[in-house]
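Have a look at the structure below before the remarks.
The values are calculated or read from the model by the stated rules, or taken from the named source; none is laboratory data. Just so you know, these numbers come straight off a predicted model, no measurement behind them. Note that we place each Cβ from the backbone using ideal geometry, even for glycine, and neighbour counts take in every protein chain shown. To get the accessible areas, we keep the full protein, side chains included, count just its heavy atoms, and leave off ligands, DNA and RNA. Shrake-Rupley method; radii C 1.70, N 1.55, O 1.52, S 1.80 Å.
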Amino acid sequence: MKKLDLYLLRQFFPVFVMTFLICLLIVEMQFTWKHITDLVGKGIGLSIFAEFFLYSSASLVPMALPLAILLASLMTFGNLGENFELTAMKSAGISLFRIMLPLIISISMICIGAFFFSNNILPKAQTKLYTLIFSLRQKSPELEIPPGEFYDGINGYHIYVESKDSKGWLKNIMIYDFSRGFQNAGITLADSGKIAFTADKKYLMLTLLHGEGFENLKNQRMSYSSTAIPYRRETFIKKEILLDFNTDFDRYDESILKDEYVSKNFKELLQTIDSVQNIVDKQTVILGKELIAHNYLGRERMPNIQLQTAPKSEKSENFNSIFQKMNSIDRQRVVSETMNIVKQKKEANMFNSVGVESDIFKIRRHQIELYRKFTLSFACLIFFFIGAPLGAIIRKGGLGMPIVVSVVMFIIYYIIDNTGFKMAREGLWDAWRGMWLSSAVLLPAGIFLTYKAAKDSELFRNEAYMKAFLKFSKTLILAVGGKTKFRKWAKRHN
């Protein structure tokens, strides 16, 4: 390996590792904030938090990797251009493509590694992540009843406590019980009380002192009377209420996601698409035969309709002539019966097509995930061919201008990619067309920027645009006002 190639690799990879970690941290913060309600207030340990961050970090690599490559390549070549190292290399007769060659090979290897990562590691990480999220959503929140506020962390109950003392006793308790529905709601008031968990941590024992309870019994009736009982009232000195409140963290089994697209690799996605497509084809054939076998509108005999005035017509007489010979009552009956038949057939066809549409949507989601494994790798390569030429043209290193340009380019990529994804998901486009849309748009941009950088284009230099503007103004003034006005204009701008 030549010293120049080794020098470029040493310049690129430290920046790449730094930008990748920064980008991963940013998308991780955004993902964590999205699921903050599933994490906070559940009383889970640090090990669960560590699992969540580990699996989510692995799942977010496809989003962070292209942005990191774009930013690292832009910073690397921006630093080379700002320090005139790129100019020295070109003056020595080395072309820009030859300068980029070791990084092109390295990025190509990263793209291959990204495909294997998305095919082998990403499905497992996503399966563990979403299984963990589903488990966290079902876990009961940590019991912490704030004084002066209604606490609704217990399913079916709203608890209000006026104050607490240092020994854990609750003062002036109000409990609304909606566990049996709003019509059978109950209210319990107590002067004081205490809350404790049972030994197995699955139930909550609420001990109340000196209070009374009201229960709405509107839907309950006595066996010997039809009169509704409006409510029941009780007074107690001590009362114990056992509430279902499981504080254990019950983890779901990962098999619940075995049929989802997020848990499958390339081979499993292909198998699912083929098997479901065969099912769709068979169902479509069956539905088509049923549609052909049934007669619709004009070919169907309606024996239940008894016409008051049966028209005398030959078999060859068409429907319009028969309908015109009917009286108004027969016409209304025919129209009404026809509308009912149409509605029944439409509802039957819609019901039969629901299963087919569900399978077709499943095929689309699996196809989208299949193409995503390739578009991730290709996006990394495209972003390198955008970032490296941009850095060579802009000639600005550091974290200022490169971050601004990278964020703008990534937002454009994200909007295009998300648009293609939604179009493919809704079935408006083919899956391959929607998923490759961003690559098809950005690839010409990368080729154009690489060509301009290789030709030392003045694409982002203000002097070049000012020179072009002055040249255009000169041509315009000569065409409109002649040489006299041009001399006056030239004197003002000299």
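Computed from phi, the 3J(HN,Hα) profile of region 165-172 under the Karplus parametrisation 6.51, -1.76, 1.60 (θ = phi - 60°) reads 10, 5, 8, x, 7, 9, 10, 6 Hz, with x in place of Gly and Pro.
From the cross-link list Lys2/Lys396; Lys396/Lys422; Lys258/Lys282; Lys258/Lys373, which pairs have alpha carbons spaced over 29 Å apart? Going by Cα-Cα distance, Lys396/Lys422 fall outside the 29 Å limit. Coupling constants for region 62-76 follow from the phi torsions by the Karplus curve (6.51 cos²θ - 1.76 cosθ + 1.60, θ = phi - 60°), and in residue order they are x, 7, 7, 5, x, 5, 5, 5, 4, 5, 5, 5, 5, 5, 4 Hz; glycine and proline get x. Nonpolar atom fraction for region 89-209, defined as the carbon and sulfur part of the 1.4 Å probe accessible area, stands at 59 percent. Placing unit charges on the Cβ atoms of the charged side chains and taking the dipole of region 20-149 about its Cα centre, the candidate lying farthest along the positive direction among Pro123, Ala72, Ser59 is Pro123. Per residue, the accessible area of region 86-208 comes to 52 Å² when a 1.4 Å probe rolls over the protein heavy atoms.
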